[in-house]
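First comes the structure, then the notes that go with it.
The values are calculated or read from the model by the stated rules, or taken from the named source; none is laboratory data. Not measured: the values here are computed from a predicted model. Neighbour counts run over all protein chains shown; Cβ positions are idealised from the backbone, glycine included. Accessible surface areas use protein heavy atoms only, side chains included; no ligands, DNA or RNA. Shrake-Rupley method; radii C 1.70, N 1.55, O 1.52, S 1.80 Å.
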Amino acid sequence: MSALVVYESAWGNTRLVAEAICDGLSPHLPAEVVAAHEAPPLADLHVDLLVVGAPTHAFGLPRDGTREDAHARGGELIPSGVREWLDAAGSASLAVATFDTHVRHPDLPGHAGRKAAKKLRKLGCHPVADAETFYVDGYEGPLLPGELERARAWGDGLTRGDW
């Protein structure tokens, strides 16, 4: 069994969460983390569990415009992300879990993890858990205290499911 955690992150917060989730998975199965713009095509994956995460931008998955806005405010310029990676995907029948990072206050509507889960279901994947949200302080972060520990525990919990 193996797992792959695919993420997108302009400020580094979502990357840190992805790495913590991988840390939670690793005692139970080989797992690795990769940025969405470097990930192999979904149809080419041979993993038992795929975990996908992105920051919530404008009530959902980041788009070119929201990435450009993040870059203009000091974030890393991301050439493409989870949205484009999923849009380019063919069908796949994988066990999946999704997550996002989200501003805690104000708690705005919309979550990238839920949008990613919806796209993955349409591609034929089956979620093994509800989308999980990890909170940041303000748009750029940092992550709120305890979120990395919660991400590790969530990753660990994903390995306990019967999928």
*State all residues of the range 126-163 that are at pLDDT 95 or above and polar (S, T, N, Q); if no residue qualifies, say none.*
Thr133
*Just checking, which of Gly124, Gly74, Gly53 is of a type in the set (Gly, Ala, Ser), touching a Ser or Thr at 6+ places or on another chain (Cβ under 7 Å) and not in a strand (DSSP E or B)?*
Gly124
*Look at the range 124-139 and say how many of its residues are touching a residue at least 60 places away in the same chain (Cβ under 8 Å) and surrounded by fewer than 17 Cβ atoms within 10 Å (Cβ to Cβ).*
1
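Could you check, for the range 149-158, whether at least one of its residues is in a loop (DSSP other than H, G, I, E, B) and either within 20 Å of Val33 (Cβ to Cβ) or in contact (Cβ under 8 Å) with a residue 60 or more places away in the chain (or both)?
Residues of the range 149-158 that are in a loop (DSSP other than H, G, I, E, B), as a first pass: none.
No: zero hits.
If you scan the range 56-71, which residues turn out to be in a helix (DSSP H, G or I) and surrounded by 18 or more Cβ atoms within 10 Å (Cβ to Cβ)? So that I can check it myself, show each step before the final result.
Taking the range 56-71 and keeping what is in a helix (DSSP H, G or I), we get 64-71.
Residues satisfying the conditions are Thr66, Arg67, Ala70.
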*Applying the selection to the range 45-65, what residues are small (Gly, Ala, Ser) and either within 19 Å of Ala151 (Cβ to Cβ) or touching a His at 6+ places or on another chain (Cβ under 8 Å) (or both)?*
Gly53, Ala54, Gly60
*Within the range 104-125, how many residues are at pLDDT 95 or above and in contact with a strand residue (DSSP E or B) (Cβ under 6 Å, 6 or more places away or on another chain)?*
8
*How many residues are buried (at least 16 other Cβ atoms within 10 Å of the Cβ) and part of a loop (DSSP other than H, G, I, E, B) if we restrict to the range 77-103?*
6
*Which of the residues spanning the range 23-50 are modelled with pLDDT of 95 or more, open to solvent by 10 Å² or more (accessible area, probe 1.4 Å), in a helix (DSSP H, G or I) and of a type outside the set (D, E, K, R)?*
His37
*Among the residues of the range 143-160, which ones are more than 12 Å from Leu16 (Cα to Cα) and in contact with a Leu (Cβ under 9 Å, 6 or more places away or on another chain)?*
Gly155, Asp156, Leu158, Thr159
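Hey, among Glu140, Glu132, Glu84, which residue is more than 16 Å from Tyr7 (Cα to Cα) and of a type in the set (Asp, Glu)? Please lay out each step first, then the result.
On the way: Glu132 fails: more than 16 Å from Tyr7 (Cα to Cα); Glu84 fails: more than 16 Å from Tyr7 (Cα to Cα).
Glu140 is the lone residue from the list that is more than 16 Å from Tyr7 (Cα to Cα) and of a type in the set (Asp, Glu).
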